[in-house]
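Each reported figure results from applying straightforward, stated rules to the coordinates on display, with no laboratory input. All of these numbers come straight from a predicted model, not from anything done at the bench. Don't worry about glycine lacking a Cβ; one is built from the backbone with ideal geometry, like all the others, and counts go over all protein chains shown.
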Amino acid sequence: MAKLKTAHFCQNCGHESAKWLGRCPSCNEWNTFVEEVISKGKNEVTAFAKSSKRTAKPQAIHQIKDIPQQRIQMVDLELNRVLGGGLVPGSLTLFGGEPGIGKSTLMLQMAMQEKNQKILYVSGEESEQQIKMRASRIGELNENCYLLTETQLESVFKHAEDLQPTLLVIDSIQTIHTENIDSSPGSISQIRESTAQLLRFAKQTETPVFLIGHITKEGSLAGPKVLEHMVDTVLQFEGDRNHVYRLLRSIKNRFGSTNELGIYEMLGTGLRQVENPSEILISNNQDKLSGSAIAATLEGLRPMLIEVQALVSTAAYGTPQRSATGFDLRRLNMLLAVMEKRCGFKLGAKDVFLNIAGGIKVNDPAIDLAVVASILSSNADLAIEKNICLSAEVGLSGEIRPVNRVDQRISEAEKLGFDKIIISKDNKGIKQENFKIEIVGCTRIEEVLKELFS
Ligand SMILES: [Zn+2]
């Protein structure tokens, strides 16, 4: 037996220290250090590492051959989109989310859909029978999918060598442990070492690997942030467990943009791809209610129409409350200040509550104008016509600023049957004759109000 060696690891960020510390110098969290046994005595060369030794030598840049990147086109188009247009061979993807959100369901569904791939699905959480039961609920079973209940990494690699899968799923990384390290499964050093070995496996065998990782209570991915740095792609599965909609976001992607978004609806039979998100994000309520405005936003490259709801009321107690769900509170405060200072609306003594319908979060500045419109609508108790939508940023002097890809937003609004869209006058190059929807360009908030409420 090799000599036992221990180290202390921050359970939040993975910082390593020889002695115990009360406060982590890396992430400043208190009381996060746990002693873990690491044994460096053993030989770290694993089975697959011995077999293929690649020798690289420096090459002149113009002599390097262009190899067109072959991506695996996934059956699940939402997943395909978020991965940046397909799965890259040899890539390591971390698939994170809160427990119970549906990560295993989505991965299992993917495993059943990919009938052209030979899939090895390793689970350290459920038995083969349980997984099969869930898989049959989702849909037709895939004959090319192999299930393995295993938590020991070396054994996983051995099976992978025998089976030669074209895709490997690990459910979850927190249950896997490697012989190289003596600490318990789920500890930082185990997760880190296992991920490093899986990364080597992915690169050397050109097999894409999906790692399912649980998110901690604080919302950080899989506890240790070290994982995010090691893998090629980090996907996050989000959503409220009480809502049926799930968002699949890419947080990091070495092979594509991180702006892409996938949307699913959780059904008893699995996850349904939502091709037209606008349908679900706008309420079908036909009554005219004040405080609601529709914004044409772009999430990544995907146009979406979403409903902004505001409630403005006189503050019952001294300090007015401001709260925002799905929207940045500081930006809300800024917009309130603009309305107060530049447009003369007395909102200083009012409570303002803002909500983005559907439980989603929006960062697109094009939503600004809809936020302003919904607040003013609620403040004056005047409803905005249901057939109008807005898409523009609001500047500090109350000017209406242009947004990018406005033609896509206009097309989406037109497709969904809106009659009028309000944008910035500075959005150049938009030709009314190309659209059926009426396009109104404004420069000031006052002009927008005239369009909305006269
Ligand atoms: Zn830390």
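Between LEU289 and ASN31, the contour length at 0.36 nm per residue exceeds the Cα-Cα span by 87.9 nm.
In order along region 234-240, the Karplus-derived 3J(HN,Hα) couplings, from 6.51 cos²θ - 1.76 cosθ + 1.60 at θ = phi - 60°, round to 10, 10, 10, 9, 10, x, 8 Hz, and Gly and Pro are given as x. Peptide packing: for 322-328, 124-130, the average count of neighbouring Cβ atoms within 10 Å per residue gives the ranking 322-328, 124-130, highest mean first.
Backbone amide hydrogens, once placed in the peptide plane, bring MET304 within less than 5 Å of THR297, LEU298, GLU299, excluding anything fewer than 5 places away on its chain.
Counted residue by residue at 0.36 nm each, then reduced by the alpha carbon distance between them, the extension gain from ASN259 to ASN116 reaches 48.7 nm. Along its three principal directions, the equivalent ellipsoid of region 331-407 from the Cα gyration tensor extends over semi-axes of 19, 16, 13 Å, largest first.
Once the Cα-Cα distance is subtracted from the 0.36 nm per residue extended length, the ALA349 to GLU206 segment shows a gain of 45.3 nm. Using the Cβ-Cβ distance between THR6 and ASN276 with R0 set to 51 Å, the FRET efficiency works out to roughly 0.40.
Per residue, the Cα convex hull of region 355-444 amounts to 109 Å³.
Charging the Cβ of each Asp and Glu at -1 and of each Lys and Arg at +1, and nothing else, the dipole of the chain about its Cα centre rounds to 1100 debye. Entry note: region 182-340 has Rg to Rh equal to 1.07, where both radii use alpha-carbon atoms and Rh is the Kirkwood radius.
The amide H of SER91, built 1.01 Å from its N in the peptide plane, has VAL209 as neighbours under 5 Å, considering only residues 5 or more places off or on other chains.
Electrostatic bookkeeping for GLY124 treats Lys and Arg as +1 and Asp and Glu as -1; over the other residues with beta carbon under 10 Å from its beta carbon, the sum is -4. Evaluated over the Cα positions of the chain, the convex hull gives a direction-averaged projected area, one quarter of its surface, of 28.0 nm². Annotation: amide H-H contacts under 5 Å for ASP351 (H modelled 1.01 Å from N, sequence separation of 5 or more, or interchain): SER313, THR314, ALA315, GLN321.
Near VAL82: Cβ cut-off under 15 Å, other residues only, Lys/Arg at +1 and Asp/Glu at -1. The net charge is +1. Here the spin labels are modelled as points 7 Å beyond Cα on the Cα-Cβ line, and at SER454 and ASP162 they lie 7.9 nm apart.
The 3J(HN,Hα) values that the Karplus relation (6.51, -1.76, 1.60; θ = phi - 60°) gives for region 176-193 are, in residue order, 8, 9, 10, 5, 4, 10, 8, 6, 6, x, x, 6, 4, 5, 5, 4, 5, 5 Hz. Gly and Pro appear as x. Relative to the Cα centre, the charge distribution of region 300-454, modelled as +1 at Lys and Arg Cβ and -1 at Asp and Glu Cβ, gives a dipole magnitude of about 300 debye.
In this structure, LEU77 and SER155 have a Cβ-Cβ separation that, at R0 = 60 Å, corresponds to a calculated FRET efficiency of about 0.95.
Here the contact order of region 378-445, divided by its residue count and restricted to Cα pairs under 8 Å and six or more residues apart, works out to 34 percent. Residue-wise HN-Hα couplings along region 251-256, as the Karplus relation 6.51 cos²θ - 1.76 cosθ + 1.60 with θ = phi - 60° gives them from phi, are 8, 9, 8, 6, 10, x Hz; Gly and Pro carry x. All Cα-Cα separations within region 84-225 were binned at 5 Å from zero, giving a P(r) of 2, 10, 20, 24, 22, 14, 6, 1, 0, each value a whole percent of the pairs. Here region 253-311 is treated as a sphere whose radius is the Kirkwood value from Cα pairs; by Stokes-Einstein at 10 °C and 1.306 mPa s it diffuses with a coefficient of 117 µm²/s.
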